[in-house]
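No lab work stands behind these numbers, since they all come straight from the coordinates. The shown structure was predicted, so the numbers you read here are calculated from the model rather than taken from an experiment. Reconstructed Cβ throughout: ideal geometry from the backbone, glycine too, with neighbour counts over all protein chains shown.
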Amino acid sequence: MKLYITENTKRNDKTVAVDDTILVEGMPSTAGSKMLGEFKPLFDAEVISRLYNTGFSITGKSNVGEFGLDLLGETSNYGVCLNADGTLAGAAAAIVANGDAEYALSVDLNGTPRRAATLQNVCFIKPTYGTVSRHGVIPCACSAEQIGVMAKTSVKAAELLSIIAGHDKKDGTSLPQMKYDYTAADNATGIRIGIPTEYIEKAEQTVSEKVYRFADVMKADGATVEEFSLSELSFVQAAWQILLCAETCNNLSRYDGVKFGYRGNNSKDIGELYTSSRTEAFGLNAKFAILYGSYVLSKGHYESCYDKALRIRRVLRNKLDGIFSQFDLIIAPACSKLAYSPSDVVNSLEACYNESYFTALSNISGIPIVVCGGVQLMGDSFSENKLLTAATVYERTEVGK
Amino acid sequence: MKYEIVIGLEVHVELATESKIFCSCSSKFGAEPNDNVCPACCGMPGMLPVTNEKAIDLGITAGLLLNCHINRVTTFDKKSYYYPDLPNAYQITQWFSPVCVDGGLEIETQAGKKVIGIKQIHLEEDAGKLVHDDWTDSTLVDFNRTGVPLVEIVSQPDLRSVEEVLAYLERLRAVLRFAKVSDCRLELGSMRCDVNLSVRPYGSEKLGVRTEMKNMNSLSAIARAIEYEAARHIDAIELGTKTLIQETRRWDDISGKSFAMRNKETAEDYRYFPDPNLVPIVIDEEWIERIRASLPELPEKKAMRYVSELGLTEESTALITASRNLCDIFEAAYPISGSPRETANWLIMDCMSYLRSKQLSADDLIIDPLKLGELIRMTIEGEITRNAARRILTAVIEQDADPKKIIEEKGLSVQSDEGTILAIVERAVADNPKSVQDYRNGKTKAMQAIFGSIMKELKGNGDPQVIQRLLKEVLDREE
């Protein structure tokens, strides 16, 4: 079980594990890739500075799949992280679940931490896009990726989030608000909850049972629950794939073997250096994103692919306004099933795309997510406290049981 | 057949900001290789671009100077291509909504005045530089220039001759330098020009096949390149060969020829898309008005004012308004000196001859205008002689010295005490019988020699008028 890519032996009692896609000065930060090899950053990510300033210590760099592009870390250059039963673990969530660190910072690029938190039955909160600085995140899809917090309970996750959240002038998309107060209300009375039927239809029964179980707890506490149709989800999934790959392709272009990281062998000229370095060091997921991303941005395809995806993103905003005037939050599965064996993801590309059906909505629109009790709760931008209220009510009920 | 040359220019100008466009590194020219770099501008992951607003200010300034419309919302976009001097393998530029569009610049040639249309002005980051090291036979990368802010000024294809191109470039350079948008030095690469050229039969409306030429680093190279390329196009048309294709060509100034770099088929696809890290910039009226208010009075306006209101000659006006620096010094100094005319003279005579002796140009003059004004005032009011003032000027320029202090320290104030001077005059007359004799024989010039020895005795600080008067009195008295 390869939990960490780099482990820190010096620890105090306020411990945080950090995804290897987040830079920590002095520790190799590789995004799980061969391309970055032993790359040691010259500075700390903003979130890391904020943790140090408040007395936290870093337990190490959690194992992630290459650039965080895969399902559950199965494409890591440092070996896959498995549970005792041989299923995929998701390192950051596993670290929190087995108590090796109190918290983990995990980058939600394409839903990986949400799947991991679901499988490990821990809590994960990804706040509204722009709440937490992306300074020091090894970038793929800058318009969407956001650092979130894993912890055993939603209260603990919210505690750490309030420490790392707030404006950072080093990130041009960072929202102006300096401080965020994350507090849950006492009960779910009056909360209007929606469950999109399309999600339920795509998930295995074990997963949808969790959704209904969560809904029942909410109803018992005074919430209303209603199923509704969100037929746009397949468009959302396709548009997100285009945006994710286009931006990732662009951000991975800096790894060319010239300045740092992996350099290919025996190249006669600069063209060969580029080709050999990138061919030898990038894995399947990165290569797919590069090819697909180049295609959707190329002349002749920009209008029909990338630009259309941007328009879907804008139209979706209006759709979400409608949904969130009707519901305070949405309960949905975060993945299609509750255990993945490595053989499930041999063709990781297809598995990733299929699973993004459940996660793309929040990535493409930047809305906040709380994963709790094996389901994901989604709300409108800045509705974190409603999501936390629902999570706290659920956790209280389950513990009291 | 008679042919018409049709030319459009893309002029890159490095902006005169203190720091780079998306990080806080210095953008100063001439540092040791890779001294002005940080993780952001050498392409390391994790740093995010943060826009230097001064660069946008200067972009708007350029737009207002060239009568452009300023777009109220402007965006930054990414342009992807691989080259070792481009560390991110993308350049942040403005593709979808440039900061300025639809302007014009008036030029004047022998044929008269003409307005050259400006299609757009966009901001972008510069790339680094490759340096070949013969010693190790390797190519090294210098990222100092990476991220230095540029504007690219794209003209309409309105230019028809070398003369017009040179007039346009010189006018553009003068205006941008005057407003301190850029120092526009072709030889240092802070101004670079790509020439888009086609030819067509005279009178035809249809544009011919266009080629783009790069790598000219002087006005004369640009002129040569246009002449060569136009001749090449005309030959190709006349001979009916199919060698003329739309392509980018590199000018080689040594061989005097252009060479194909890449054509339409092999052209790179830059895969432009909006940079998600840089939110669109809203430029409101207030911002534009703030820049408008800060625009300098342009040379033509200044020249008119200097002649009509300040009474300068056209010649000295022309010399001063050729440099924004001289204008600034002049305008701050003359209210102190009390005489615009004298101040102008000091600048174009004494200051310029100092600069020439150091092989510097007018823009290099660094002097406290208040001290210069004070020095000139004291000279005008006869507190020091012009000779002494010249010597003090050097100290004011080189050491930023206070002229009054130097006068005190070195005893340079004018000696005009009549008793003292009379004694020296009498001694001089007694010591120079030959000159006195010559003077009395009608050689009035002989008086100069005696005057000189008196001035020498007074270390050059004697009041010339007092000496002159007393000397004449003594000579005439003893006749």
Tell me, what is the percent relative contact order of chain B, built from C-alpha pairs under 8 Å that lie six or more residues apart?
-> 13
Given a cut-off of 27 Å, name the pairs among B:410/B:434; A:299/B:119; A:40/B:129 whose C-alpha atoms lie farther apart than that in the structure shown.
-> B:410/B:434
Of the trypsin sites (Lys or Arg not before Pro) in segment B:253-287, which ones lie in a loop per DSSP and count no more than 11 other C-beta atoms within 10 Å?
-> B:264
Structure shown: which of B:20/B:358; A:268/B:28; B:113/B:301 lie over 26 Å apart, alpha-carbon to alpha-carbon?
-> B:20/B:358; A:268/B:28
Please identify the GluC sites (Glu not before Pro) of segment B:143-243 that satisfy two criteria: DSSP loop assignment and at most 12 other Cβ atoms within 10 Å. Which are they?
-> B:205
Sequence of B:450, B:21, B:367, B:254 once ranked by neighbouring C-beta atoms within 10 Å, starting from the fewest | B:254, B:367, B:450, B:21
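Which whole-number percent gives the relative contact order of segment A:167-228, counting Cα pairs below 8 Å spaced six or more residues apart?
Details: 46 pairs, mean separation 26.3, N = 62.
Normalised by residue count, the contact order of segment A:167-228 is 42 percent.
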Would you list the membrane-span-like helices of chain A, meaning whole DSSP H runs whose alpha-carbon atoms span at least 18 Å along their axis and whose mean Kyte-Doolittle value is at least 1.0?
-> A:284-297
If you rank A:315, B:99, A:346, A:64 by fewest surrounding Cβ atoms within 10 Å, what's the result?
-> A:346, A:315, B:99, A:64
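For the protein assembly as shown, what is the mean residue ellipticity at 222 nm derived from helices alone (per DSSP H run of n ≥ 4: -39500 (n - 2.57); sum divided by total residues; nearest 500 deg cm²/dmol)? Please list the in-between numbers first.
Numbers: 28 runs with 345 residues, N = 880.
Taken over the protein assembly as shown, the calculation gives -12500 deg cm²/dmol.
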Sequence-separation-based contact order of chain A, relative, with Cα cut under 8 Å and 6+ spacing, percent | 20
Along chain B, longest interval not containing exposed chymotrypsin sites (Phe, Trp or Tyr not before Pro), exposed being DSSP loop plus at most 14 other Cβ atoms within 10 Å = B:203-479
Would you be so kind as to identify which of A:136, A:26, B:287 lies farthest towards the positive end of the dipole of the protein assembly as shown, taking Lys and Arg as +1 and Asp and Glu as -1 on Cβ and the Cα centre as origin?
-> B:287
Contour minus end-to-end for residue A:181 and residue A:206, with contour as 0.36 nm per residue of separation and end-to-end as the Cα-Cα distance?
-> 5.5 nm
